[in-house]
Every structure is written in C-alpha cells, then in structure tokens.
Amino acid sequence: MALSLLSPIPPSASLSSFTLSAFSAANNASSSSSSLSPIYSLYHQPKGTLGSSRTATSVFGGFRGSGSLRIDSMAEKRNLGLMVPRNGGGGGGELDDMDEGEIERIGDQDEDDEELIEGHPISSSSPERWDVLGLGQAMVDFSGVVDDGFLKKLDLEKGTRKLINHEERGKVLQAMDGCSYKAAAGGSLSNTLVALARLGCRSISDRPLNVAMAGSIAGDPLGSFYRTKLRRANVNFLSAPIKDGTTGTVIVLTTPDAQRTMLAYQGTSSVVNYDSCLASLISKTNVFVVEGYLFELPDTIRTITKACEEAHRNGALVAVTASDVSCIERHYDDFWDIVGNYADIIFANSDEARAFCHFSAEESPISATRYLSHFVPFVSVTDGINGSYIGVKGEAIYIPPSPCVPVDTCGAGDAYASGILYGILRGVTDLKGMGDLAATIAATVVGQQGTRLRVQDAVELARSHDFRLNSSGVRTDVGS
C-alpha cells in the first residue's frame, strides 16, 4: 500500500511497505519557474506550538573545508589579509589588501571547482526560482596538521571547538608560520550545497539544479575568496558584502590521531539580518535550508523565524540542520521553536537526534528517528558505520551503510544530506532508494581526502542510480 507522507493512515494499513506517493518535483518541469507545491503538500503540515520537553543536536557537525589554496609563508598570509598588520605586529590592526589578480590566482588553485562538464560552462544568469537556498555561516576554513605539542603550547584542548577573537587568531596563525595549510570556502552547509550542485549539474539532466547560499561576508579579500570559490562550484552566494568588516574564519588543527581542534573567529558571520533582499530570495525558493550553527549567534533567531515564515508563505519546504550537540543543548528552546513550528525536513546524526529527544546515550537511533518523525514530516538520521535512518509518520526505514575504505570521515553527514535533497528535488518517491544514494555519496566522500564531493564522482553517482521521477511503483520497507 502506497501512502502519502501526510495522508491519514487507516488503522488497517500495514506499514511493512511504504513509498512516497503523488510525489513530483519542480525540477520535473522544463521551466525553472515551476512551483514546488506537489512536494510541499506532501511534506508540509500545519505546525503547532511545542513545549520545551525535547532536545536537539546537530547534523554532521563542525566547520569543514576542502583544500583549495596552500599557504606556506608569512607573505602569503599577509596577501590574504589574514594577520600581519602594516606595523608588523602580531595579530589585529590594519590588514593588507589583496588585489584582483591575487583573488583570481586563488580561484584557479583547485581545478575541481571548475564545473565545465561536457562543454557546459558556468551560467552567469540568475534563474527565476532557486531549487535550494541555504542560510548559514560563511567562513573561510584554514586547515593544517599539527602535533600535540603545538596544542599544548597554545593551551588548546584537543578535539574541541572554541570561539576566538581577532588577536587570538593572529597568534595562532603566527605560531603556524612555516607550516603548510589549506584555505577553503568552508562550512558544513556549503559542503552540502556544493555536492548538491554537482549532483544536479547540466551534464546529468536537461536542467541543472539552481543552488544558492545567503549569509554574511565582508568586502575584504577573504570575502571575495569565499564568493569566488562557491561560484566556481556552481553555488551562488547572493548576500551583499558588509563594508568595513572582516570575514569569519575557522582554523582547523588536525593531530596525527585524526582529532580536530577548531578555532572560530566569527567576524561578520556573527550578524545575519533579515531584510528585503533575503525575503525576495526566499520567495523564489523551493527548499530553504537553515544551518544549525546560526542559533549560536545573537538575535539570529528572529531572522530565522521571519525567514521560515516567508518560506512557508511562498510554498517552500524548510530544512534544518542540527549542526552540533552542544549548540542544541545551549539553544534547545530556540531550536524547537523552529523545528516544531516550521521544519519539514531535519538532518541530524544519532547523538544529535537523541539530544533533540532528550534521550539517553543508551537509546537507539531508530527510536530517536521514530520519535522525531511525529513532529517533523521527514527525518534523516545518520549513525556512522552502522548506517542511517529515514523517519516518516512515526516509522523509520533503515538504510545500510555503503561499503568503503575510510580515509577521512569529516564531511560525511554533509554529503549524505546532499543526497537526500537531490532525491527530493528530482522527485524520487522510493525512500529506500533515496537513502541508498545518500549513503553512497557519503561513502564516496569518506573514501577520499577532503570534505567535498568531486565533480566526476557526482556525475557518475547521479547517473548510476538512474532515478526516475515519480517512481511510485517501488515499495520500501519501514521499521526495524
């Protein structure tokens, strides 16, 4: 028996076989201005105010970067406007500017960013509608390998994430002088959006997916770097730069035991305002994704609330990423205000899902998935090497892990989320098939160095799964 996600379940109905029925995506139409209302009617339901007896955790946590620029000297740090003031001091102060030629040089470092597949160049025109618009923290990642002694010298606790100020950032980068590290347009959300854009590129279908991001960057070299790198990956960063600001950065220090210590300097990314520009973008969006890290920022809950209201007003789906367990625990009520009243889709890992539910560590991920699916129409929960779950209407579908030889697990959840979004936008009705694609994408990223799904891998994955729109004939088992 095939059931719509939000259709009433008859008492006699068996949930041993379950598919998304009557499911069709905006992408199925040839025009980019198609409405997403068929999907919306399935996933969206009126949300009531929820109590505060529940918790939340993050989807696939941490700021992640894909290396695009190697920085080996103090001079290169100075050119990026990172740390060295003109008076030669160590951190803070007036920073050097990078000229347009340097921006272009940085943009050309990673040829995998070039989306020139089968003769289809990057489009410079704006679509009538965006398939996905993500709202998140726009921060440049600097990642390098250090030893335990380096962390002890700077009095840093291994494996933690810490907010730092401008002066502290300068000291850390100065201490790394002589080390080789990489810069990238980082962030969990940007990893997902880049992978989604590559899966939905022009060479795979007649109409590529239109993917965009909004957030806060400054009108400085790092802000230009961030915008340029995303654009080369077919993700449009649409927010105007903030004058006289400093783009946020995250320093990711990896020790030989593969533990990551992250130092975040928020800069302009700490302010995300709701304005007419953002409202206009959301009104032309099919799926609006909110990054959980935004809940850490002062007063941002008002921006998120207004943005989600605008999304639902215009028939868009709202997806929320949990981002980090500690973030959810600190802002639990705010998370549930949004998740309980607006979210149509939620992405979390098993720890984050348990935190959303106020479950203990002994509770199984499938229990947390089932519980969350009573409040959110579509729940995606990853559980590392144990597989993942998709929750709908109080039931959970188990998705086995895709085999791989792990190289770097960072960014696996971001990649998994891209597969779920891709399936939804392409009109996939088989939940098991959608989950299998997402698991395969995650395994592909785990089996490589770096957090970004590579262009050729994305093309091969999307083609090999050969999803057919409105494939309502395939049934999916639900339950344990």
#### Entry: strands (runs of 3 or more DSSP E) wholly inside the stretch 367-432 containing at least 2 residues that are of a type in the set (Gly, Ala, Ser) and surrounded by 19 or more Cβ atoms within 10 Å (Cβ to Cβ)
388-392
### Query
Which of (1) in a strand (DSSP E or B); (2) over 15 Å from GLN137 (Cβ atoms); (3) not basic (Lys, Arg) is the odd one out, the single condition THR249 does not satisfy?
(2)
### Task
Would you mind telling me which numbered condition in (1) closer than 26 Å to LEU196 by Cα; (2) among the small types (Gly, Ala, Ser); (3) open to solvent by 10 Å² or more (accessible area, probe 1.4 Å) GLY292 fails?
(3)
### Summary
In the stretch 294-330, residues that are hydroxyl-bearing (Ser, Thr, Tyr) and out of contact with any Gly (no Cβ under 7 Å at 6 or more places or on another chain) total 4
### Task
For the stretch 181-202, indicate whether the set of residues that are touching a residue at least 60 places away in the same chain (Cβ under 8 Å) and touching a His at 6+ places or on another chain (Cβ under 6 Å) is non-empty.
yes
### Query
Can ASP257 be described as of a type in the set (Asp, Glu), open to solvent by 30 Å² or more (accessible area, probe 1.4 Å) and over 21 Å from GLY411 (Cβ atoms)?
no
#### Entry: Count - residues of the stretch 173-207 that are among the small types (Gly, Ala, Ser) and open to solvent by 50 Å² or more (accessible area, probe 1.4 Å)
1
### Query
Within the stretch 310-326, is there a residue that is modelled with pLDDT under 95, surrounded by 19 or more Cβ atoms within 10 Å (Cβ to Cβ), closer than 29 Å to VAL407 by Cα and among the charged types (D, E, K, R)?
yes
### Query
What strands (runs of 3 or more DSSP E) completely inside the stretch 129-172 contain at least 2 residues that are open to solvent by 70 Å² or more (accessible area, probe 1.4 Å)?
161-163
### Query
Yes or no: VAL252 surrounded by 24 or more Cβ atoms within 10 Å (Cβ to Cβ) and out of contact with any helix residue (DSSP H, G or I) (no Cβ under 8 Å at 6 or more places or on another chain)?
yes
#### Entry: Restricting the stretch 269-296 to residues that are over 17 Å from the mean Cα position of the chain (by Cα) and modelled with pLDDT under 90, the residue that is farthest from ALA311 (Cα to Cα)
SER270
## Note on the structure
Here the residues within the stretch 340-349 that are open to solvent by 10 Å² or more (accessible area, probe 1.4 Å) and either farther than 15 Å from ALA438 by Cα or not polar (S, T, N, Q) (or both) are ASN341, TYR342
### From GLY178, GLY200, residue being of a type outside the set (D, E, K, R) and touching a strand residue (DSSP E or B) at 6+ places or on another chain (Cβ under 9 Å)
GLY200
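Please determine whether any residue of the stretch 351-360 is without any contact (Cβ under 8 Å) to a residue 12 or more places away in the chain and either surrounded by fewer than 24 Cβ atoms within 10 Å (Cβ to Cβ) or more than 20 Å from ALA197 (Cβ to Cβ) (or both).
Checked against the condition, which is being without any contact (Cβ under 8 Å) to a residue 12 or more places away in the chain and either surrounded by fewer than 24 Cβ atoms within 10 Å (Cβ to Cβ) or more than 20 Å from ALA197 (Cβ to Cβ) (or both), the stretch 351-360 yields at least one hit.
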### Query
In the stretch 223-246, which residues are assigned to a loop (DSSP other than H, G, I, E, B) and within 19 Å of the chain's Cα centre (by Cα)?
ALA233, ASN234, LEU238, SER239
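The values are calculated or read from the model by the stated rules, or taken from the named source; none is laboratory data. What you see is a predicted model; the values in this text were computed from it and never measured. Glycine gets a Cβ as well: all are built from the backbone with ideal geometry, and neighbour counts include every protein chain shown. SASA here: full protein model, heavy atoms, side chains in, ligands and nucleic acids out. Shrake-Rupley method; radii C 1.70, N 1.55, O 1.52, S 1.80 Å.
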